[in-house]
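S.K.: Please read through the structure below; I'll follow up with questions.
Quick note: the coordinates plus some simple rules give every number you see, no bench work behind them. No experiment lies behind these values; they were computed from the predicted model shown. Neighbour counts are summed over all protein chains in view; Cβ atoms, including those assigned to glycine, are modelled from backbone coordinates with ideal geometry.
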Amino acid sequence: MIYEDLTYQIIGCCMEVHKELGKGFNEVVYKDALEIEFQMNDISYEREKEYQILYKGRKLPRKYNADFVVFNKIILEAKAIDKFSSGNLKQTLNYLAASKMRLGLLVNFGEDSLNYKRVIL
């Protein structure tokens, strides 16, 4: 499994946020809390990292903004929804393709228990 130890640390932070806040908040609240949790655990991250999309070598006007890039290796897409949809998975795959990264974490804070998926490109 790629980046197993790093993934374990990230999911641990997500679990702590969910344990503290529970479900029911807007997505941005969980992102704000997760940012604090990353800082408290000395985890390197970038929030709302922008990625350019290329088409035949030319930049498109639209860009992707990944919720978090953690350890400069893992895309983290945070949700606060009833359950994952295929669109959430496709979005994470698109972020991976645009960033040229191999691993994404799709995390949902909107359920009774934290739900997450590892997404590999």
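S.K.: If the chain between Lys100 and Phe25 were fully stretched, how many nm would it gain, using 0.36 nm times the residue separation less the Cα-Cα distance? List each step's numbers first, then the result.
M.R.: Numbers: separation 75, 0.36 × 75 = 27.00 nm, distance 3.12 nm.
This chain segment gains 23.9 nm when fully extended.
S.K.: In addition: Find how many whole Å separate the alpha carbon centroid of segment 1-52 from the alpha carbon centroid of segment 53-121.
M.R.: 13
S.K.: Turning to a different aspect of this structure: Treating only the Cβ of Lys, Arg, Asp and Glu as charged (+1, +1, -1, -1), what charge dipole size does the chain show about its Cα centre? Round to the nearest 20 debye.
M.R.: Details: 18 positive and 17 negative charges, 203 e Å.
Charge dipole of the chain: 980 debye, to the nearest 20.
S.K.: Taking a label point 7 Å from the Cα of Lys63 along the Cα→Cβ vector, which residues of segment 14-57 have an amide N closer than 18 Å to it?
M.R.: Within reach of a label on Lys63, which here means backbone N under 18 Å from a point 7 Å along Cα→Cβ, segment 14-57 contributes 46-55, 57.
S.K.: Please give the contour-minus-distance gain from Asp112 to Lys49: 0.36 nm per residue of separation, less the Cα-Cα distance, rounded to one decimal in nm.
M.R.: Working: separation 63, 0.36 × 63 = 22.68 nm, distance 2.85 nm.
This chain segment gains 19.8 nm when fully extended.
S.K.: Towards the positive end of the charge dipole of segment 4-120, with charges on Cβ (+1 Lys, Arg; -1 Asp, Glu), say which of Ala78, Asn108, Gln91 has the farthest Cα.
M.R.: Gln91
S.K.: Normalised by the residues of segment 4-120, what does the relative contact order come to in percent, with Cα pairs under 8 Å and at least six apart?
M.R.: Across segment 4-120, relative contact order equals 24 percent.
S.K.: For every helix of n ≥ 4 consecutive DSSP H residues, a contribution of -39,500 (n - 2.57) applies; sum these over the chain, divide by its total residues, and give [θ] at 222 nm rounded to the nearest 500 deg cm²/dmol.
M.R.: Calculated mean residue ellipticity at 222 nm is -12500 deg cm²/dmol.
S.K.: Once all Cα-Cα distances of the chain are split into 5 Å bins that start at 0, what whole-number percent is in each one?
M.R.: So the P(r) values, bin by bin, are 2, 11, 23, 23, 21, 11, 5, 2, 1, 0.
S.K.: So, one more: Using r as the Cβ-Cβ distance of Lys56 and Leu89, and R0 as 35 Å, what FRET efficiency do you calculate, to the nearest 0.05?
M.R.: Calculated transfer efficiency: 0.85.
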